[in-house]
1. Provide the per-residue ³J(HN,Hα) series for region 187-196, in order, calculated from phi with Karplus coefficients 6.51, -1.76, 1.60 and θ = phi - 60°, each as a whole number of Hz, with x at glycine and proline positions.
2. Using a 10 Å cut-off around each Cβ, can you sort Thr120, Thr261 from fewest to most neighbouring Cβ atoms?
3. Want the number for His117 to Ser184: 0.36 nm per residue separation, take away the alpha-carbon distance, what's left?
4. So, R0 is 51 Å and r is the distance between the beta-carbons of Arg73 and Ile279; what FRET efficiency does that work out to, to 0.05?
5. Calculate, in nm to one decimal, what Met234 and Ala349 gain on full extension: separation in residues at 0.36 nm each, minus their alpha carbon distance.
6. Do any trypsin sites (Lys or Arg not before Pro) in region 152-227 lie in a loop, going by DSSP, with at most 13 other beta-carbon atoms within 10 Å of their beta carbon, and if so which?
7. Enumerate the lysines that Lys130 could reach by cross-link, defined here as Cα to Cα under 18 Å, with residues fewer than 8 away along the same chain left out.
8. Setting aside same-chain residues fewer than 8 positions from Lys40, which aspartates and glutamates have a Cα under 13 Å from its Cα?
Amino acid sequence: MNRKLISQTLNEWRANLWLAVELLIVSVIVWYAIDFCYVKILDYSSPLGFEIDHTYKIKVDEISENSPEYVDRDSEGYIADKLELIDRIRHRPDVECASWSNFAHPYNYNVSCHQYHVDTIKTQGNVRRKADPDFFKVFRIRGINGETSDELAAMFRERGVVISSNLFDDAIDARTLIGDSIYSHSDRAIAVGAVISPMKMSEYSLRIYGCKTVIESDKIERMNDLCVRIHANMDNDFIGKFMADADRHYRVGNLYIGSVTSFDSLRDFFNSESEREVILMVTAVVFLLVNIFLGLFGTFWFRTQQRVSEIAIRKVNGATYSDIFRRFIGEGIVILSIVTPIALGMDAALVSHELNEMYEDNFFSWGRFLICAAITYLLLAVMIVLGIMVPALRAMRLQPAIALHDE
């Protein structure tokens, strides 16, 4: 892009002013749309932090007190029944491991939020999960330092809570807290046994939600979610076989098996609404981009069509096709390059005023900002090139005498 072209473009500022304003507005809108899609892609593609292959959720119900089959149970008896039930399930040949938990498993609408702190540094947007040690084995959760799920289960049992590596963002390296304590809102000291990678609630969970995790143990009578992992070669009609044995083998005290659901099914149901919303939003963004493309395409098409005589004169003076292309396309790129810094300032203003909700909780980064800006610039450049190239190519095919005669 030479100085002569830039100088000529600036000298024709009156003719280019409205085009520059249009490109400025379009650049801000396209950046916002690109940023939205970029965030959705990042959210969906970021690691889940768990595995749900060969896993099932067993719904455990209790007999009503009005039922003639109801058995009086005190607290100790209720605990014994729950331990007996999970022990029987663990001894099934097709079951690899089983776990009691509460508000802990993925694809779960029930969330328990809690605040923790170290000195004056507090967590925000975290999720507290209650589970027993085998929870890590059921969902194949691994430690940030490479610990296996079995090792995590042992560390959880012996040392205390397990936290996610992003619990305090960049303020504290969570690995330095292993063997130390974090504190609840009531200043209760809780020993940290291990650190895991961020654990999302689902594929569509924002990083700011459901990923900052503290997994604590709890009394078994307060944990009502029973999840199991079966051996990889045992998936064939596991639900049917399990339910066939439910009344005979898994009726303990007042506890009985209500249903069994695979986590694949839970995932599909949990994500269905999010998928519809994403499809709707992406469709709207694509529709917006198509309309912007057609608008810019039409603007540059009309602009180039009005300069047929200029193209003819350039051909008479010996200009080649490539010379004319470089002149016209270069002019459009110069205008785009001039307005882009202004558009970026407006984009930064959107960020600073938090008009994009996905920037909450320090999710924004300048790297992401510049990546979206670069994509926006390239996309608009492609629109400009196509909007100029097609009509310019048609105009250059005319004989100069015919073009000038029409003028």
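1. 6, 6, 6, 10, 6, 9, x, 6, 10, 10
2. Ranking Thr120, Thr261 by Cβ neighbours within 10 Å, fewest first, gives Thr120, Thr261.
3. Working: separation 67, 0.36 × 67 = 24.12 nm, distance 0.65 nm.
Full extension of this stretch gives 23.5 nm more.
4. Details: r = 48 Å, r/R0 = 0.95.
About 0.60, to the nearest 0.05.
5. 35.8 nm
6. Here the sparse-neighbourhood loop sites are Arg188, Lys219.
7. Straight-line reach from Lys130, under 18 Å: Lys57, Lys59, Lys82, Lys200, Lys212, Lys219.
8. Straight-distance partners of Lys40: Glu203, Glu275, Glu277, Glu357.
Every number in this text was worked out from the coordinates using simple rules, so none of it is lab data. The structure displayed is predicted, hence computed values, not measured ones. Virtual Cβ from ideal backbone geometry, glycine too; neighbours counted across all protein chains shown.
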